[in-house]
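Participant: Below you will find the structure I want to go over with you.
The values are calculated or read from the model by the stated rules, or taken from the named source; none is laboratory data. Quantities reported herein were computed from a predicted structural model and do not represent experimental measurements. In this analysis, Cβ positions are derived from the backbone assuming ideal geometry, glycine residues included, and neighbour counts consider all displayed protein chains.
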Amino acid sequence: MPNDLQALTARLSSAGFISAEEEAHELLACAAGDEERLHSLVERRLTGEPLAWIIGHVSFCGLEIRVDPGVYVPRWQSEPLARRAVERLPMAGAAIDLCTGTGAIARTLATARPGARVVASDIDERAVACAAANGVEVYRGDLFAPLPRTLEGRVDVIVGVVPYVPTPALPLLQRDTFTFESALAYDGGPDGTEILRRVLSGSPRFLRQGGALLLELGGAQEGALGDDLARFGYVDVTVLEDQDGDVRGIEATRAR
Ligand SMILES: C[S@@+](CC[C@H](N)C(=O)[O-])C[C@H]1O[C@@H](n2cnc3c(N)ncnc32)[C@H](O)[C@@H]1O
């Protein structure tokens, strides 16, 4: 097993890993000079297991977030949504992070707004345990169901990276995603909007008037949600795009 950076980089690169040198750095740091451990870490990585599960953490919005095996790995593509949610959260406000996974977005909000109350929910017990280990006030259950009723009508920001991949598109996800990660993190129903629509209908109960709803989504889903956004009283709907002009999310405000 190669134990120097150059050799490990070459091994990972020849196995098809695009960020081979970066990953080699991380694996060597995690092994901390223990060759047997390095061997086991590299073997796991060569099976395609997510790097974050192997080294136990990932960077998100400049924070080190613990990632337990089995829990969705927060993506850098979600960082702009988290940062926008911070901008909409008053210093002593209240926020909900739905489908929190590791709790990365909730942690980002709580770190930037230490005076705010930030709560989160997830249906998966491994995610709930991981988010709690990341210092998040997290509740286990379906979307809004487990959240404290005392927050009803008082929340400034609801943010979510909820499952939004259309069920027929699940087999098109990367091979490693499908092998290691649970469909629970991705499956958004026939057109991907099933959970998004449930969030739109459930949010007005918790959001204060003028509060913000920020959701990650893709493709043409923002158009498909137009009627629901109007029906549930959202205004100032903005489509959030990435640098390539691809739709990444929506931001909407609960009408006053
Ligand atoms: C795409 S992952 C996003 C995790 C996290 N928001 C992030 O960006 O890193 C979706 C998460 O939703 C959770 N989930 C799926 N269905 C849910 C439901 N009905 N209620 C609450 N959480 C759910 C999954 O367990 C998973 O952790």
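Participant: Please identify the pairs in which a residue from region 127-147 that is more than 23 Å from Ala52 (Cα to Cα) and among the small types (Gly, Ala, Ser) has its Cβ atom under 9 Å from the Cβ atom of a residue that is within 9 Å of the ligand (Cβ to nearest atom) and in a loop (DSSP other than H, G, I, E, B), counting only partners at least 6 apart or on another chain.
Facilitator: Partner pairs satisfying both residue conditions: Gly141/Ile123.
Participant: Kindly check whether there is at least one residue in region 37-51 that is surrounded by 13 or more Cβ atoms within 10 Å (Cβ to Cβ), outside any helix (DSSP H, G or I) and small (Gly, Ala, Ser).
Facilitator: Taking every residue of region 37-51 in turn, at least one turns out to be surrounded by 13 or more Cβ atoms within 10 Å (Cβ to Cβ), outside any helix (DSSP H, G or I) and small (Gly, Ala, Ser).
Participant: Could you list all residues from region 213-233 that are under 22 Å from the mean Cα position of the chain (by Cα) and either among the basic types (Lys, Arg) or crowded, with 20+ Cβ neighbours inside 10 Å (or both)?
Facilitator: Once the filter is applied, which keeps residues that are under 22 Å from the mean Cα position of the chain (by Cα) and either among the basic types (Lys, Arg) or crowded, with 20+ Cβ neighbours inside 10 Å (or both), region 213-233 yields Leu213, Leu214, Leu215, Glu216, Leu217, Gln221, Glu222, Leu225.
Participant: Every residue in region 118-145 that is in a strand (DSSP E or B) and near the ligand (Cβ under 9 Å from one of its atoms), please.
Facilitator: Ala120, Ser121, Asp122, Arg140 - these are the residues of region 118-145 that are in a strand (DSSP E or B) and near the ligand (Cβ under 9 Å from one of its atoms).
Participant: Right, next: Filtering region 64-111 down to residues that are surrounded by fewer than 18 Cβ atoms within 10 Å (Cβ to Cβ) and among the polar types (S, T, N, Q), which residue is nearest to the ligand (Cβ to nearest atom)?
Facilitator: This residue is Gln77.
Participant: What is the number of the single condition among (1) assigned to a helix (DSSP H, G or I); (2) surrounded by fewer than 14 Cβ atoms within 10 Å (Cβ to Cβ) that Gly115 does not meet?
Facilitator: Of everything listed in (1) assigned to a helix (DSSP H, G or I); (2) surrounded by fewer than 14 Cβ atoms within 10 Å (Cβ to Cβ), Gly115 misses just condition (1).
Participant: In region 156-172, what residues are of a type outside the set (Phe, Trp, Tyr) and within 11 Å of the ligand (Cβ to nearest atom)?
Facilitator: Val159, Gly160, Val161, Val162, Pro163, Val165
So that you can scan it fast, the table gives a plain yes or no per residue for (1) in contact with a Leu (Cβ under 8 Å, 6 or more places away or on another chain); (2) closer than 18 Å to Leu98 by Cβ; (3) without any contact (Cβ under 8 Å) to a residue 24 or more places away in the chain:
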{"residue": "Val162", "(1), (2), (3)": "yes, yes, no"}
{"residue": "Ala169", "(1), (2), (3)": "no, no, yes"}
{"residue": "Thr177", "(1), (2), (3)": "no, no, yes"}
{"residue": "Ala185", "(1), (2), (3)": "no, yes, no"}
{"residue": "Gly189", "(1), (2), (3)": "no, yes, yes"}
{"residue": "Arg197", "(1), (2), (3)": "yes, yes, no"}
{"residue": "Ser203", "(1), (2), (3)": "yes, yes, no"}
{"residue": "Gly210", "(1), (2), (3)": "no, no, no"}
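Participant: Determine which member of the set Thr177, Thr150, Thr238, Thr253 is within 16 Å of the ligand (Cβ to nearest atom) and polar (S, T, N, Q).
Facilitator: When all the criteria are applied, what remains is Thr177.
Participant: Taking the conditions exactly as written (free of Cβ contacts under 8 Å to residues at least 60 places away in the same chain, assigned by TED's automatic domain parsing to the domain that holds Gly103, touching an Asp or Glu at 6+ places or on another chain (Cβ under 8 Å) and not hydrophobic (A, V, I, L, M, F, W, C)), does Thr150 satisfy them or not?
Facilitator: Here the answer is no, as Thr150 does not meet what is asked.
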